[in-house]
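Take a look at the structure set out below.
The values are calculated or read from the model by the stated rules, or taken from the named source; none is laboratory data. Bear in mind that the values here come from a model prediction, so they are computed numbers and not experimental data. Neighbour counts run over all protein chains shown; Cβ positions are idealised from the backbone, glycine included. To get the accessible areas, we keep the full protein, side chains included, count just its heavy atoms, and leave off ligands, DNA and RNA. Shrake-Rupley method; radii C 1.70, N 1.55, O 1.52, S 1.80 Å.
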Amino acid sequence: MKIFGLLSRYASRSFLKSFIITLLCLFCIVITFDFAELQRRAGSKEISLAIKLKMVLLRSPDLLEQILPFLVFIAALFIFWRMSRTNELLIFRSIGVSLWRLILPISLTAIMIGLIDLTAFNPLSSAMQRQYGKLEKRYLSKTKEDMKVASTGLWLSEKMGPNQAIYRADKIDLKNLALLNPNIVITSPENHFVERLDAKTAQIQGNKLILKEGWEMRSGKSAQAFAEKTIETSLNKNKIERMNVSRSLLSFWNLPSYIALLEASGLQSLKYEMYWHSMLARTFWLGAMTLLAAAFSCRPHRQGKTILILLVGLVVGFAIYFFKDITFALGASGRLPPIIAAWLPPLLTLMVGAVLVFNQEDG
């Protein structure tokens, strides 16, 4: 059994080297294209090169996380192809070593990479993405509309003419567009206090916000009670839903508490549940990707058409990778349960890879 231990370490070490090289290559490609896109967005705005480079580097971990399954697939595809090209696979099989003995340690190494990403790299990526968001809002974003969900309630902001309005409510009913116990603070462009409105309830009707049973306080004046008051607003259901916090700003560990806050605030949490399940599934999807890579790169060189088979493998890998986006959209929209939508791509990858590898081993 010692030879299997040596082979396992050799296979894992070779895959890790291939993974690191692939990671560095794709990292260079990602930051190059992202920098070009940032240049386009910046246009004639006066943003220093240092700030642009900082924004690109802050955003790169999130982009790498998005392509991690395909990155693992390419690394595994290369290492199995190299073993086949140098006849290592032929030698291993001639001494009775099954292909599964090589696939298993590589798959476990890929899953370990996924666990490190999930538990350590993802929180770091989320923190860096939050820093990127602040810089983007400062230098590139033209809108001042925002939303935050916290234990103190739901916070919204919007432009109100030249002024800025900040809303806080205990809960929102998206179906009826009603706010419970809203507080509205209006500030001037110079960030000076203009007006505060407190009410028991508020309802959005068209471009009007109707507040009932509350108090109005203006700068330099005493508070006055009102039974009903109407103010202009640009808020609506679609805008509120679009103002949700970007999923990439929340780490795997923070998502469950944020989902609970969303549900307590009356907002939809389905797409965040879907995102949490998809991150968990991605960890094991990396292992399935190595199995799929082995299915397309372990054919003996003498059978020919190696390059064609590798290209077919890349196409299949791309197809399954984008199939994940389809299932994610179905899960986020409620057409599929989040668990099924998140785990369907890994299971499909596992089944396709296993069938093809069994065919090579026993066929």
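For the range 95-208, with all protein chains present and a 1.4 Å probe, just round the carbon and sulfur fraction of the accessible area to a whole percent.
Accessible surface attributable to carbon and sulfur in the range 95-208 totals 58 percent.
Leaving out ligands, DNA and RNA, what percent of the accessible area of the range 213-363 is carbon and sulfur, probe 1.4 Å?
63
Of 317, 233, 296, which is farthest on the positive side of the dipole of the chain, counting Cα position, with +1 on Lys and Arg Cβ, -1 on Asp and Glu Cβ, and the Cα centre as origin?
Most positive-ward Cα: 296.
How big is D for the range 251-329, in µm² s⁻¹ as a whole number, if Stokes-Einstein is applied with the Kirkwood radius of its Cα pairs at 10 °C and 1.306 mPa s? If you can, show how the numbers build up before the last one.
Values: Rh = 15.2 Å.
The Stokes-Einstein estimate is 104 µm²/s.
Take the chain, compute every pairwise Cα distance, and split them into 10 Å bins from 0; I just need the percent in each bin.
Per 10 Å bin, starting at zero, the Cα-Cα P(r) for the chain comes out as 5, 19, 24, 20, 14, 9, 5, 3, 1, 0 percent.
Could you order 218, 168, 40 so the one with the most accessible surface comes first? Probe is 1.4 Å.
40, 218, 168
Cα-based Rg of the range 185-247 per 2.2 N^0.38 Å, rounded to two decimals? Before the final figure, lay out each step's value.
Working: Rg = 13.8 Å, N = 63, 2.2 N^0.38 = 10.6 Å.
Against the compact-globule rule of thumb, the ratio is 1.30.
Taking only the alpha carbons of the range 82-222, what extent do you get along each of the three principal axes, in Å, biggest first?
Over the range 82-222, Cα extents along the principal axes are 91, 34, 26 Å.
Order 223-229, 148-154 from most to least packed using the mean count of other Cβ atoms within 10 Å.
Final packing ranking: 148-154, 223-229.
Quick check on packing: order 310-318, 68-76 by the mean number of other C-beta atoms within 10 Å, highest mean leading.
68-76, 310-318
Sort out for me the Cα centre separation of the range 253-302 from the range 10-45, rounded to whole Å.
21
For the chain, what is the accessible area per residue in Å² when the probe is 1.4 Å?
52
Round to the nearest 10 and report in Å² the accessible area of residue 187, as given by a 1.4 Å probe over the protein chains' heavy atoms.
20
Quick one: dipole size for the chain, taken about the Cα centre, charges +1 on Lys/Arg Cβ and -1 on Asp/Glu Cβ, in debye to the nearest 20.
Roughly 740 debye, rounded to the nearest 20.
Please tell me which of these pairs span more than 18 angstrom C-alpha to C-alpha: 148/171; 148/212; 137/324; 54/137?
148/212; 137/324
Can you divide the C-alpha Rg of the range 25-122 by 2.2 N^0.38 Å and report the result to two decimal places?
1.56
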